[in-house]
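Colleague: The structure's right below; bear with me while I get my questions together.
The values are calculated or read from the model by the stated rules, or taken from the named source; none is laboratory data. Everything numeric in this text was worked out from a predicted model, so none of it was measured. Because the Cβ atoms are built from the backbone with ideal geometry, glycine has one as well, and the counts that use them run over all protein chains shown. Please note that ligands, DNA and RNA were not included when accessible areas were found on the heavy atoms of the full protein model with its side chains. Shrake-Rupley method; radii C 1.70, N 1.55, O 1.52, S 1.80 Å.
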Number of protein chains: 2
Amino acid sequence: MAKAPVLTPRADDFPRWYQDLISKAELADNGPVRGTMVIRPYGYGLWERMQQELDGRIKAAGAQNAYFPLLIPQSYLTKEAEHVEGFAPELAVVTHGGGKELEEPAVVRPTSETVVNASFAKWVQSHRDLPLLINQWANVVRWELRPRLFLRTSEFLWQEGHTAHATYEDARDFAAHIHEHVYGEFMETVLAMDLVRGRKTPKERFAGAINTLTLEGMMGDGKALQMGTSHELGQNFAKAFGTRYLSKEGTQEYVWQTSWGSTTRMVGALVMMHGDDHGLRVPPRLAPVQAVVLAIKGDEAVLAKVREIGDRLTAAGVRVQVDDRTDTPFGRRAVDWELKGVPVRIEVGPRDLESGTAMLARRIPGGKEPVSMDALASLVPRVLEEDQDRLLEESRERRASRTSDVASIAEAAEVAAAGGWARIPWSELGPEGEARLAEQSVTVRCLVAEDGSVPQSDDAPGTVALVARSY
Amino acid sequence: MAKAPVLTPRADDFPRWYQDLISKAELADNGPVRGTMVIRPYGYGLWERMQQELDGRIKAAGAQNAYFPLLIPQSYLTKEAEHVEGFAPELAVVTHGGGKELEEPAVVRPTSETVVNASFAKWVQSHRDLPLLINQWANVVRWELRPRLFLRTSEFLWQEGHTAHATYEDARDFAAHIHEHVYGEFMETVLAMDLVRGRKTPKERFAGAINTLTLEGMMGDGKALQMGTSHELGQNFAKAFGTRYLSKEGTQEYVWQTSWGSTTRMVGALVMMHGDDHGLRVPPRLAPVQAVVLAIKGDEAVLAKVREIGDRLTAAGVRVQVDDRTDTPFGRRAVDWELKGVPVRIEVGPRDLESGTAMLARRIPGGKEPVSMDALASLVPRVLEEDQDRLLEESRERRASRTSDVASIAEAAEVAAAGGWARIPWSELGPEGEARLAEQSVTVRCLVAEDGSVPQSDDAPGTVALVARSY
């Protein structure tokens, strides 16, 4: 008799599989206020690794971390007309503080362009103060009517970058640098994700931006997920808040700005991009635990050996956890590590001590085989690199096999409905076609140039629209 | 003619000096909503270093990071009677979300015991799940009527630990471990602060705790500041939320809990503990920048040399910044680094190139002298260690010289009013004497045993009350 699967199979019900995995791998729970989320230690460990990797890249790009207040005067939001229109429906509003009704309600930040500009307007005086490159790690609240853990939650964690530049060109180039060299590079090399870089259509832009660059990933069911965005804000917020500088020529000029964000949604993407019917598969370069060394039974000799192997792998630069909880059945622990997607499991039992071998289970390609214990310290780092590449390659193949070039709106809708991505000339689709697709819950994920690069404008000749259903 | 001082001298007006320093060293600004704070990059850099050091120690103590929601149903707060009484006056309340009035208002977390217990009640089933050791890095909001940057702000950043244990003894020991081996050790060895460890009186305990352990520091003006607290929560929250476990004996038992926190207030303490009339003095082990290498002028040879020295010091394990902004006058930059309290400045001008020496300025003891450039890589790490010790020693001497043993309440009040700390037998003072002192804005900072250790109960024989004015 076959065992009941731990998770609902993806082919049966992808959303249910996702929910099962998030719960059984102990990534997150629902919080008590509708749409909020409790991030459990294993899920938070994934986020911490994302933070470490991104933070280093953000600092290398020249930005410094700072912190701006959670609560923003409601009137600030209204200073930039498109911005308030975009965010008003999602705001959480504090009306009482310290037992009294507030004179002016405060909104819980949905994003910080407004409150950041209130500071920038004070900090920026001269062209010598530019560029001003700031990043913040924070929580934000956007009221969510159809929440889904990590993907759409009323509160989420993110980093938001905010910069001010002397010229349009400098701001444009910086937004593009973050898009490609911070987000793109991190997501491809660490998250092992093949992503499309493009620009959003005017309809899909950030509220208040003049251009939004995006990275779009294809999930296991063929739907798209927006992974991170980098915005050119033009001078919209600078004019609303009076953020100006004295130029070399002695004139007062408004700054040019960017903002850019990536969020805990990336944890959800990790699940939907790399997960399989047995659970999560964590890319080795991201994994908080790259290898777990399991004692099958609690003999002293076995426990001593797993600790010894753990130490040797640690010395070889591997992030290791020793699992010596032998009062829990081995099978249950093995399934748990499989669910959590730890790339390598090394299993050691009493008989292995005699043979000098251990079972090496590889989560990403699957399968296990006995290997010499002495070879582990050189073998495991190699296996981890191989499996990192394998995940990226799988994500490349999925996108390539499920993307089609089409010539008509009807064909685009059909491809998207079948769980694929359609490429259609933007000159063919246009804002009207975009609106028609939206009626069928199909969106333009982004615009790309024929050669796969990011178009410099919406109407650059040869621009292609990438069309899909999305999360 | 003497130059006007950059800061109001401490002796003239300590609070004004503090405010001047926070502003001129670019640590923080006021936010637009009353009581909130913008933490500027240099101030945030200090906080990031504190986070790194504390996070490592918290993990070494066995706790894992997780994240709980910002918004808590209002009804949760009322489940523990003392807790709601303590926090109700400080709550910020969200009444509207997504454009609608909420059925139940949500409070912005002032602390997370309630929402954490809602999760713990689900996660803890068996004695095998204990101890459960969780930490969270987050922002909290407590409405503040008399805000002061870093010390009392309506929003602040902190870590809050929350743990559940099978027995009273295990919880008590863990709270004590955090108090001594995480907070005490970090603050003494990294922040260079001499602190008194003690227990709070019943009046000063955390709302909902059965015991609060504290670390109290003496600031430059002799007032006390609470630096971090570790609470034994008993079974108060466990009973309010039904957090129970199946014991080995097969009975259902309530868990015993702890919580413990340290906040951005530590940045304020750093200023008030170690600052002088020229600005901040950052303990070398904490300092994001331990040594700055300044080019006095913009000659190519000078710029090449400061970069070379920077590289050599980096290789020697020093956190270095090269200041080659020679379009800003040297004097202004030197004053700025002095304000920011960077422990070591190395100044290089054209004449130094010939002599092979550079000026080495030490911020902590003060003064500067020429040293051989070749000696810097071995000299600077030694100087940093010396100056770390020196700061701790200064803080020890201040406390020793300003603490007096007294026998009466009147004397205690007198000592406190003069900017000192008084030690008085708790049997002499008691809750009534504590109330009388409170009328003169003097508080019992903590109870200590005669030998300086932490008393196991409020009425242990020989317990001494430490009495002072405080921030």
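Colleague: Filter segment A:82-117 down to residues that are closer than 18 Å to A:Q64 by Cβ and touching a Pro at 6+ places or on another chain (Cβ under 7 Å), then give me how many there are.
Modeller: Qualifying residue count for the region: 1.
Colleague: Have a look at A:V306, A:V292, A:V302 and point out the one that is under 20 Å from A:G45 (Cβ atoms) and of a type in the set (A, V, I, L, M, F, W, C).
Modeller: A:V292
Colleague: Residues B:S441, B:S427, B:S457, B:S404: which one is within 17 Å of B:K203 (Cα to Cα), free of Cβ contacts under 8 Å to residues at least 60 places away in the same chain and touching a Lys or Arg at 6+ places or on another chain (Cβ under 8 Å)?
Modeller: B:S441
Colleague: A further question on this structure: Sort out which residues of segment B:248-262 are in contact with a helix residue (DSSP H, G or I) (Cβ under 7 Å, 6 or more places away or on another chain) and either within 22 Å of B:A63 (Cα to Cα) or buried (at least 24 other Cβ atoms within 10 Å of the Cβ) (or both), and write them in order of number.
Modeller: Hits for segment B:248-262 are B:Y254, B:V255, B:W256, B:Q257, B:T258, B:S259, B:W260, B:S262.
Colleague: Still on this model: Evaluate the following for A:T229: is it open to solvent by 10 Å² or more (accessible area, probe 1.4 Å), free of Cβ contacts under 8 Å to residues at least 12 places away in the same chain and either over 18 Å from A:E394 (Cα atoms) or of a type in the set (D, E) (or both)?
Modeller: no
Colleague: Which members of segment A:327-349 meet the condition of being acidic (D, E) and either in a strand (DSSP E or B) or modelled with pLDDT of 95 or more (or both)?
Modeller: A:D336, A:E338, A:E347 - these are the residues of segment A:327-349 that are acidic (D, E) and either in a strand (DSSP E or B) or modelled with pLDDT of 95 or more (or both).
Colleague: Enumerate the strands (runs of 3 or more DSSP E) found wholly within segment B:18-105, keeping only those where 1 or more residues are without any contact (Cβ under 8 Å) to a residue 12 or more places away in the chain and among the β-branched types (V, I, T).
Modeller: Of the strands (runs of 3 or more DSSP E) lying wholly inside segment B:18-105, those with at least 1 residues that are without any contact (Cβ under 8 Å) to a residue 12 or more places away in the chain and among the β-branched types (V, I, T) span B:37-39, B:92-97.
Colleague: Follow-up question, since we're still on this one. Tell me, please, whether a residue that is crowded, with 23+ Cβ neighbours inside 10 Å, at pLDDT 95 or above and part of a strand (DSSP E or B) can be found in segment B:174-183.
Modeller: So far as segment B:174-183 goes, no, none of its residues is crowded, with 23+ Cβ neighbours inside 10 Å, at pLDDT 95 or above and part of a strand (DSSP E or B).
Colleague: While we're looking at this one, here's another question. Does A:V6 satisfy being open to solvent by 20 Å² or more (accessible area, probe 1.4 Å), more than 14 Å from every other protein chain (Cβ to nearest Cβ) and among the hydrophobic types (A, V, I, L, M, F, W, C)?
Modeller: yes
Colleague: Here is a check on your reading of the model: is A:R333 surrounded by fewer than 19 Cβ atoms within 10 Å (Cβ to Cβ) and basic (K, R)?
Modeller: no
Colleague: Within segment B:124-139, can one find any residue that is of a type in the set (F, W, Y), surrounded by fewer than 23 Cβ atoms within 10 Å (Cβ to Cβ), under 29 Å from the mean Cα position of the chain (by Cα) and within 15 Å of B:T243 (Cα to Cα)?
Modeller: no
Colleague: Right, here's the next one. Restricting the search to segment B:77-100, which residues are open to solvent by less than 50 Å² (accessible area, probe 1.4 Å) and at pLDDT 95 or above?
Modeller: B:L91, B:A92, B:V93, B:V94, B:T95, B:G97
Colleague: Filter segment A:287-305 down to residues that are out of contact with any Pro (no Cβ under 8 Å at 6 or more places or on another chain) and buried (at least 23 other Cβ atoms within 10 Å of the Cβ) and give me whichever is nearest to A:R172 (Cα to Cα).
Modeller: A:V292
Colleague: Before we move on, is A:P370 touching a strand residue (DSSP E or B) at 6+ places or on another chain (Cβ under 7 Å), exposed (fewer than 15 other Cβ atoms within 10 Å of the Cβ) and farther than 22 Å from A:G279 by Cβ?
Modeller: In short, yes.
Colleague: Still on this model: Name every residue in segment B:118-134 that is within 9 Å of chain A (Cβ to nearest Cβ), part of a helix (DSSP H, G or I) and not hydroxyl-bearing (S, T, Y), in order of residue number.
Modeller: Answer for segment B:118-134, where residues must be within 9 Å of chain A (Cβ to nearest Cβ), part of a helix (DSSP H, G or I) and not hydroxyl-bearing (S, T, Y): B:A118, B:K122, B:W123, B:R128.
Colleague: Might you let me know whether segment B:26-43 holds any residue that is more than 19 Å from the chain's Cα centre (by Cα), farther than 25 Å from B:V115 by Cβ and away from chain A (no Cβ under 14 Å)?
Modeller: No, segment B:26-43 contains no residue that is more than 19 Å from the chain's Cα centre (by Cα), farther than 25 Å from B:V115 by Cβ and away from chain A (no Cβ under 14 Å).
Colleague: Among what's in segment A:308-326 and is more than 30 Å from A:V6 (Cα to Cα) and not in a helix (DSSP H, G or I), pick the residue that is most open to solvent (accessible area, probe 1.4 Å).
Modeller: Across segment A:308-326, the extreme among qualifying residues is A:G317.
Colleague: May I pose another question? How many of the residues making up segment A:58-76 are open to solvent by less than 50 Å² (accessible area, probe 1.4 Å) and away from chain B (no Cβ under 12 Å)?
Modeller: Residues flagged as open to solvent by less than 50 Å² (accessible area, probe 1.4 Å) and away from chain B (no Cβ under 12 Å) within segment A:58-76 amount to 2.
Colleague: Are any residues in segment B:135-173 in contact (Cβ under 8 Å) with a residue 40 or more places away in the chain, basic (K, R) and not in a strand (DSSP E or B), and if so, which ones?
Modeller: Scanning segment B:135-173 gives B:R142, B:R172.
Colleague: Next up: Open to solvent by 60 Å² or more (accessible area, probe 1.4 Å) and more than 9 Å from every other protein chain (Cβ to nearest Cβ): which single residue out of B:S112, B:S23 fits that description?
Modeller: Criteria check complete, one pass: B:S23.
Colleague: What is the one condition in (1) buried (at least 20 other Cβ atoms within 10 Å of the Cβ); (2) within 11 Å of another protein chain (Cβ to nearest Cβ) that A:L149 does not satisfy?
Modeller: Only one criterion in (1) buried (at least 20 other Cβ atoms within 10 Å of the Cβ); (2) within 11 Å of another protein chain (Cβ to nearest Cβ) is unmet by A:L149, namely (2).
Colleague: Can you name every residue in segment B:337-351 that is surrounded by 18 or more Cβ atoms within 10 Å (Cβ to Cβ) and free of Cβ contacts under 8 Å to residues at least 40 places away in the same chain?
Modeller: Answer for segment B:337-351, where residues must be surrounded by 18 or more Cβ atoms within 10 Å (Cβ to Cβ) and free of Cβ contacts under 8 Å to residues at least 40 places away in the same chain: there is none.
Colleague: Ok, one more. Which one is nearest to B:A422 (Cα to Cα), of the residues in segment B:236-247 that are open to solvent by 40 Å² or more (accessible area, probe 1.4 Å) and not in a strand (DSSP E or B)?
Modeller: B:N236
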